[in-house]
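Asker: Quick one: this structure, given as C-alpha cells, is what I'll be asking you about.
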Amino acid sequence: MKKKLALLMTGLLVTSMFAGCGKSTKNEVTDTNGVVESVDNNTESKELSADIVVIGAGGAGMTAAIQAAQDGATNVVVLEKMPITGGNTTRSTGGLNAAETKFQEAQGIEDSVELFIQDTMTGGKDLNDINLVTTLAQNSAAAVDWINGIGGDLAVVAMFGGASVERIHRPSDTSAVGPMLVNTLNKKMEELNIPVLTNTEATKINLDEAGKVASVTAKDADGEFTIDCKSVVLATGGFAGNIEMVTKYNAEYSKFMNTNHAGATGDGIVMAEAIGADLVDMDQIQIHPTVDMETQTLYTEGVRGNGAILVNLEGKRFVNELLTRDVVSAAILEQPEAYAYMVFDQKVRESLSAIEKYINSGLALEADTLEELADKMGVDKDSFVQTMTTYAEAVANGEDKECGRTSLDQDLTTSKFYALKSAPANHHTMGGVKIDTTAQVINKDGNAIPGLYAAGEVTGGVHGANRLGGNAVADIVVFGRIAGTSANEYVQANGGNTEATIVVEKEEAPATPEVDGNYKDGTYTGTGKGNGGDIVVEVKVEGGNVVAVTLTEVHETPGIYEAAEKSVVDAIIRTQSTDVDTVTGATNSSKGIMEAVANALEQAK
Ligand code: ADP
C-alpha cells in the first residue's frame, strides 16, 4: 500500500506507525516541497486505525479533537483536504456570541440565556431547532472560557446585528476572531500531539453490518486508503463554495458570488446522506450584506456595529444598518445597481483593526472631506452631505428618525472619511446534517447513527432561516466541544482507547540547499506585496547559498501565512530559486514572500 502523509502547517512531522504482522513499520517523511510527502509502505502493512476520526480541520473539527483529547481520548486523527487547517473559520471576522459571561458582567451588560435564545430564534425566523438553540445559549459562556483557557483571547464585548444587547465576544485588540481562533486551536492541537493529515480528503464513511461507524475512506495524492475507527466527527463545514449544490438546494442563490474558502463544498453532507443521515433546512442560504464585489473580501459586520452607515448611489441611507443579515442584504439588493457604500470616519477606522486591513489592501475610498468622498463614490454631493448632516444630528439627539437605528455612538464627523463598496454574497449555509443536542447524527427514521457525530456548518437546525453574526463561532465551539465529548464517551463505552497508529513526531526538518546558489555572501533585506500589505524579509547567504529567510515585517492573516512561510521559504532554500510553488489557500502570501526574497537577492548577484 502506498500512502501519502502530510506535514502539519506548524512544520511537525506526521508519521504513521503501521502495526503489521506483529511489528511496527515506521514510515519516515522527507520534505521536498514543504507540504506533502509520499511514503512507500511495505505490503505487510495493515490499514490505518484510530478511535476517533475527525473529518475537517476547521473550527468545529479542531475543537472536537481537542475536547475529545482533554476528556481522555488518546487516538484521535484529523483529516483535512486543504493544505492548511482553518477552513472558513479563518475567514470569520466577528466573534463569539455568549450570554451571562464574566466579561458582560464586568461591563455591566445585562443579558440572559433566555434573551440569547429569543434573539437567535427571532433571527432564524423560528425555523431553528429550539433544543439546539437552547444548548447553544446554555453552553456559550463556557465556550468563551474554554477558548480563553486554551490560550485564546475573547475579552471584548460588542454589539452585532440581531442581538438585543452587546453579546459578541472578540479579541481584545479588536482583530478578526477567525485567525486568533485557528491559531489557538492549531497550537493546542500541536501541544496535545493530535495529528492532522492535510491534503487528505475523506470520501466515505463506512458502517458495519450493525449500522455502526466502522471506518473512513479517504484519498490523497497517492490514492485511496481506509482508516478503521470507532467514531467519526463530521466537521466539514458548509456548501456555499459549491455552486452546483447551491443551485440544487436553492436556485435563487446561484446568481450570487460567495465568500467561502475553496474547501466549503458540502462533502460532509453528501457523505452523511449516503449512509442515511437526515438533512434539514437545506434551502436556507445566507447572503452576507457587505462583500467587495471584485475581491470577494467580506467586510465584517463590526464595521457597521462600530458606527458605519450604508449609503446608496443616490447618496441616501435606506436601512437600519444593524438589522439582521437577510434584511440588510435584501435592502441593498433593492438599491440602484444593487450595491451600496459603507461609509465611516477616522474614529470608526481607529476602533477596529480589521478596517486597517481593508485600507491596506487598497479596498477603501478615502477623502479629507465628505464632498471629495462623494466624488470618489460617484454619488450626488449635496444629497450625500445632507445625509451625513442628518445622521450626525440623529446621533446628537439619540434618535434616528430616518432608519430607526438605535446604536448611535459615532456621528461620523471626524476626517478622514472612508467608503467601502459593498454587495451581498452567499456566505453561510444554515441547512445540513440533522443532529441532536449531544451532536449525534440522526438518520431519516429519527434514530442516531451509532458512532457518528457532527458539528459546525455541516449541521442544520441551529440557525434556522438566518444565522446571526457571532453565532457560527458560538456553534463551532459549543457543538465542537459536545461532539468531542460524545465521541470520546462512545469510544470509552465501546472498548476504550487503543494505541495510536498515526502519530506526530516533534521534529523540525530544516531545509538545506539541494543545488548551488551562486550568490554573494551577506545578509540582505527585501520587500514584497502580500495580502495585507508589505512583507519584509531578511535573507542570509553563506557559501554562495541562501541558508535562511526571516520574515521581519508581515501583515498577513495569522493561521494562513505561516503555511506559506514554511513551504515557500523551505522551497527557496532547497532550490536556491525564488520561482517556487505557491501554497493553495495562501497564494498572495506565498507570492509576497517570493517577491521579497527576489528583491533581497537582487543585491546579492
Ligand atoms: P466549521 O466552521 O464548521 O468548522 P470550516 O469551514 O471552518 O467549518 O472547516 C471545515 C473544514 O473541513 C475545512 O478546512 C475544509 O477544507 C474541511 N473539509 C471539507 N470537506 C472535507 C473532506 N471531504 N475531507 C477532509 N476535510 C474536508
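The values are calculated or read from the model by the stated rules, or taken from the named source; none is laboratory data. Since this is a predicted model, take the numbers as computed values, not measurements. Here the Cβ positions follow ideal geometry from the backbone for every residue, glycine too, while neighbour counts run over all protein chains shown. For the accessible areas, the whole protein counts, side chains as well, though only heavy atoms, and no ligand, DNA or RNA atoms are used. Shrake-Rupley method; radii C 1.70, N 1.55, O 1.52, S 1.80 Å.
Asker: Give me the dipole magnitude in Debye, nearest 20, for region 285-354 about the Cα centre, with unit charges on the beta carbon: positive for Lys and Arg, negative for Asp and Glu.
Answerer: Details: 6 positive and 10 negative charges, 45 e Å.
The dipole magnitude comes to about 220 debye.
Asker: Taking 8 Å as the Cα distance limit and 6 or more residues as the minimum spacing, I'd like the relative contact order of region 246-366 as a percentage.
Answerer: Over region 246-366, the number comes to 22 percent.
Asker: Could you give the length gained on full extension between Thr406 and Lys255, defined as 0.36 nm per residue of separation minus the Cα-Cα distance, in nm?
Answerer: That works out to 51.1 nm of additional length.
Asker: Right, here's the next one. Output needed: percent of Cα pairs per 20 Å distance bin for the chain, bins running from 0 to the one holding the longest distance.
Answerer: Result, from short to long distances: 20, 50, 26, 3, 0 percent.
Asker: Starting from the residue with the highest accessible area, list Thr414, Thr74 in decreasing order, probe 1.4 Å.
Answerer: Numbers: Thr414 45, Thr74 90 Å².
Accessible-area ranking of Thr414, Thr74, largest first: Thr74, Thr414.
Asker: Pick out, from Ala454, Gly378, Thr93, the residue whose Cα sits farthest towards the positive end of the charge dipole of the chain, with +1 on the Cβ of Lys and Arg and -1 on the Cβ of Asp and Glu.
Answerer: It is Ala454, whose Cα lies furthest towards the positive end.
Asker: How large is the accessible surface of Glu538 in square angstrom, using a 1.4 angstrom probe and rounding to the nearest 10?
Answerer: Glu538 exposes around 80 Å² with every protein chain in place.
Asker: Keeping all protein chains in place and using 1.4 angstrom, which order do Thr512, Thr557 fall into by accessible surface area, from largest down? The partial results should precede the final answer.
Answerer: On the way: Thr512 90, Thr557 25 Å².
Of Thr512, Thr557, the descending order of accessible area is Thr512, Thr557.
Asker: Something else now. How much accessible area does Asp380 have with a 1.4 Å probe, in Å² rounded to the nearest 10?
Answerer: Rounded to the nearest 10, that gives 80 Å².
Asker: Okay, moving on. What is the sum of charges around Gly532, taking Lys and Arg as +1, Asp and Glu as -1, for the other residues whose C-beta is under 12 Å from the C-beta of Gly532?
Answerer: Details: positive: Lys357, Lys529; negative: Glu356, Asp534, Glu553, Glu556.
So the surrounding residues net to -2.
Asker: Related question: Place a +1 charge on the Cβ of each Lys and Arg in the chain and a -1 charge on the Cβ of each Asp and Glu, then give the dipole magnitude about the Cα centre in debye, rounded to the nearest 20. Spell out each step's value before the answer.
Answerer: Details: 45 positive and 85 negative charges, 130 e Å.
Using Cβ point charges on Lys, Arg, Asp and Glu, the chain gives about 620 debye.
Asker: Report the gain in length on full extension from Glu542 to Gln492: 0.36 nm times residue separation, minus Cα-Cα distance, nm rounded to one decimal. Mind showing how you got there, number by number?
Answerer: Values: separation 50, 0.36 × 50 = 18.00 nm, distance 5.47 nm.
Result: 12.5 nm gained on full extension.
Asker: Would you mind classifying region 422-533 by shape? Square roots of the alpha carbon gyration tensor eigenvalues, ordered a ≥ b ≥ c; an a/c under 1.5 is rounded, otherwise it is prolate if a/b is larger than b/c and oblate if not.
Answerer: Since a/c reaches 1.5 but b/c is at least a/b, the shape of region 422-533 is classed as oblate.
Asker: Quick one: work out the % antiparallel among DSSP beta bridges in the chain, nearest 5.
Answerer: Working: 69 of 87 bridges.
Percentage antiparallel, nearest 5: 80.
Asker: Evaluate E = 1/(1 + (r/R0)^6) for Lys520 and Ile359, where r is the Cβ-Cβ distance and R0 equals 60 Å; express this FRET efficiency to the nearest 0.05. Kindly include the intermediate steps, with their values, before the conclusion.
Answerer: On the way: r = 38 Å, r/R0 = 0.63.
Computed FRET efficiency for Lys520 and Ile359: 0.95.
Asker: At a 1.4 Å probe radius, which order do Glu110, Glu402, Glu562 fall into by accessible area, largest first?
Answerer: Working: Glu110 160, Glu402 95, Glu562 50 Å².
Highest to lowest solvent-accessible surface, that is Glu110, Glu402, Glu562.
Asker: Can you tell me the relative contact order of the chain? Whole percent, Cα pairs under 8 Å, sequence separation 6 or more.
Answerer: Rounded, it is 20 percent for the chain.
Asker: Let me ask you something else. Taking the solvent-accessible surface of protein heavy atoms with a 1.4 Å probe, what is the per residue accessible area of the chain in Å²?
Answerer: Numbers: 22340 Å² over 605 residues.
Using a 1.4 Å probe on heavy atoms only, each residue of the chain averages 37 Å².
Asker: Give the accessible area for Thr265 in Å² (nearest 10); use a 1.4 Å probe, count only protein heavy atoms, and leave out ligands, DNA and RNA.
Answerer: 30
Asker: Right, something else. Could you rank the peptides 280-287, 428-435, 367-374 by their average count of other C-beta atoms within 10 Å per residue, with the highest value first? Don't skip to the end; give the middle numbers.
Answerer: On the way: 280-287: 22.0, 428-435: 27.6, 367-374: 17.9.
Those peptides, ordered most packed to least, come out 428-435, 280-287, 367-374.
Asker: Shifting gears a bit: Taking the Kirkwood radius as the inverse of the mean 1/r across Cα pairs, report the Rg/Rh of region 515-605.
Answerer: Details: Rg = 11.9 Å, Rh = 12.5 Å.
Ratio value, two decimals: 0.95.
Asker: Let me ask another. Would you mind getting me the FRET efficiency between Ala330 and Lys187? Use the beta-carbon distance for r and R0 = 51 Å, nearest 0.05. List each step's numbers first, then the result.
Answerer: On the way: r = 40 Å, r/R0 = 0.79.
With R0 = 51 Å, the Cβ-Cβ based efficiency is 0.80.
Asker: Right, another one. Once the piece of chain linking Asp445 and Val156 is laid out straight, how much longer is it, given 0.36 nm per residue of separation minus the C-alpha distance between them?
Answerer: Contour length minus Cα-Cα distance gives 99.7 nm.
Asker: Something else: Which of the listed residues, Thr437, Ala221, Gly72, is farthest toward the dipole's positive end in the chain, when Lys, Arg count +1 and Asp, Glu count -1 at the beta-carbon?
Answerer: Ala221
Asker: While we're here: With a cut-off of 8 Å between alpha carbons and a minimum separation of six or more residues, what is the relative contact order of region 335-470 in percent?
Answerer: 27
Asker: Using a 7 Å offset from the Cα along the Cα-to-Cβ direction at both Asp579 and Val385, what is the distance between the two label points in nm, to one decimal?
Answerer: 5.5
Asker: Calculate the spin-label point distance for Ser164 paired with Thr295, positioning each point 7 Å from the Cα along the beta-carbon direction, and give it in nanometres.
Answerer: Each label point is offset 7 Å from its Cα along the Cβ direction, giving 3.9 nm.
Asker: Quick one: if the Förster radius is 35 Å, what FRET efficiency do Leu279 and Lys102 give, using the C-beta to C-beta distance and rounding to 0.05? Walk me through the numbers on the way to the answer.
Answerer: Values: r = 38 Å, r/R0 = 1.08.
Calculated value: 0.40.
Asker: Can you pull the one-decimal nm distance between simple spin-label points at Val270 and Glu224, each 7 Å off the Cα toward Cβ?
Answerer: Between Val270 and Glu224, the simple spin-label model gives 1.4 nm.
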